[in-house]
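Have a look at the structure below before the remarks.
The values are calculated or read from the model by the stated rules, or taken from the named source; none is laboratory data. Keep in mind it's a predicted model, so treat the numbers as computed, not measured. Positions of Cβ are backbone-derived with ideal geometry, glycine not excepted, and every protein chain shown enters the neighbour counts.
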Amino acid sequence: MRTDSKGFVLISVVWIVALLTIIVLGFSHRAMLERRVAAHNMDRIQAQYMARGAVQRGMVELRNKAAMDRLMGLSGRTSFDQRWKNPPSLIEEAIFDLGGEYEVEDEICEYKIRDEEGLICVNHAARAVLENLEGIGFRAAGEIVSRRESTGRNQRAFMSIEEIRHLDGVDDRDWEGTEDRPGLRDLLTVWGSDGRININTAPAGVLEAIPELDSGDVQLLLDAMGRDELGEEAATGDGIGNIAYFLDDLRLSADKKSAIERYGRVDSSRFTVTGAASQRRGAVQAKSVAAVEIRDQNITVLEWREDYGGA
């Protein structure tokens, strides 16, 4: 009987020890997970603040552009040969010190500036430009203009170009684009100021939407401006400061030159600044995007969006 009691006590002790071990291991595992979650959240917050800082750095660059333009007598021109188009890596500039054991070269902290006036603004572009843009057509262009010109509750500005994707007549191929031509999502904006197109920064697909112009005319323009064949980068040249003076030397008809002057411009006031940053070799990513307007070195933020990425 005593032997059975001792055996029972021994088994009970073993079970209690096993149960306590499981509980301790559970708490340890939970504590480890909580530490990992806390560390991940800290990395995410740090990446987000770095992205925000990158946007602020881009906004400073735009202020500097306005100041330098005034100093150099270049006010009224926005083109790809200017500094804003080729931003530096903020990590290489040592603006952010990541600290700890991070390998700096494995992380990113950068900003990019996009000239919104070099795209077609659905809130302001002339109907003739919209109808001439491949992928939009008469029906979708009519819906855009009808919404803009409506009165009362029906009059609404487009807040995002994704709204265009759902218009009648716009299909996936038009929206996404192909290897041969860009999609509408790469040619449209909601942030243009007056609907005119900055020909210094407009890609070929946008320039082809200017009434009277064909692909040959656009290529002539790009060559004369020293731009690459897609119009996305500056190969040579310093950009155009005066449209009329620039057009004088081009072999274009009077109607084509008139269309460029009517629908084109060479300066810009609205941009989007995108800041991106990462932590833990890219496992944690963050992005901030600001749509801004610059007037006389003063910057107004029109919209600010943030996005987390990575694991």
Query raised in the report: If only one of D186, D214 is out of contact with any strand residue (DSSP E or B) (no Cβ under 7 Å at 6 or more places or on another chain) and either at pLDDT 90 or above or farther than 17 Å from C121 by Cα (or both), which one is it?
Result: D214
Query raised in the report: Hey, any hits in the range 192-213 for a residue that's without any contact (Cβ under 8 Å) to a residue 12 or more places away in the chain and not in a helix (DSSP H, G or I)?
Result: no
Report summary line: Across (1) more than 17 Å from T274 (Cβ to Cβ); (2) modelled with pLDDT of 80 or more; (3) assigned to a helix (DSSP H, G or I), G58 clears everything bar (1)
Query raised in the report: Is there a residue in the range 143-154 that is polar (S, T, N, Q), closer than 25 Å to S215 by Cβ and either assigned to a loop (DSSP other than H, G, I, E, B) or under 18 Å from the mean Cα position of the chain (by Cα) (or both)?
Result: no
Report task. Say whether the condition of being surrounded by 15 or more Cβ atoms within 10 Å (Cβ to Cβ) and small (G, A, S) is met by at least one residue in the range 242-257. Result -> no
Query raised in the report: Restricting attention to the range 275-289, does a residue exist that is at pLDDT below 90 and hydrophobic (A, V, I, L, M, F, W, C)?
Result: yes
Requested in this report: Those residues that are part of a loop (DSSP other than H, G, I, E, B) and surrounded by 20 or more Cβ atoms within 10 Å (Cβ to Cβ), I need them from the range 214-241; list them, please.
Outcome: G231, G239, I240
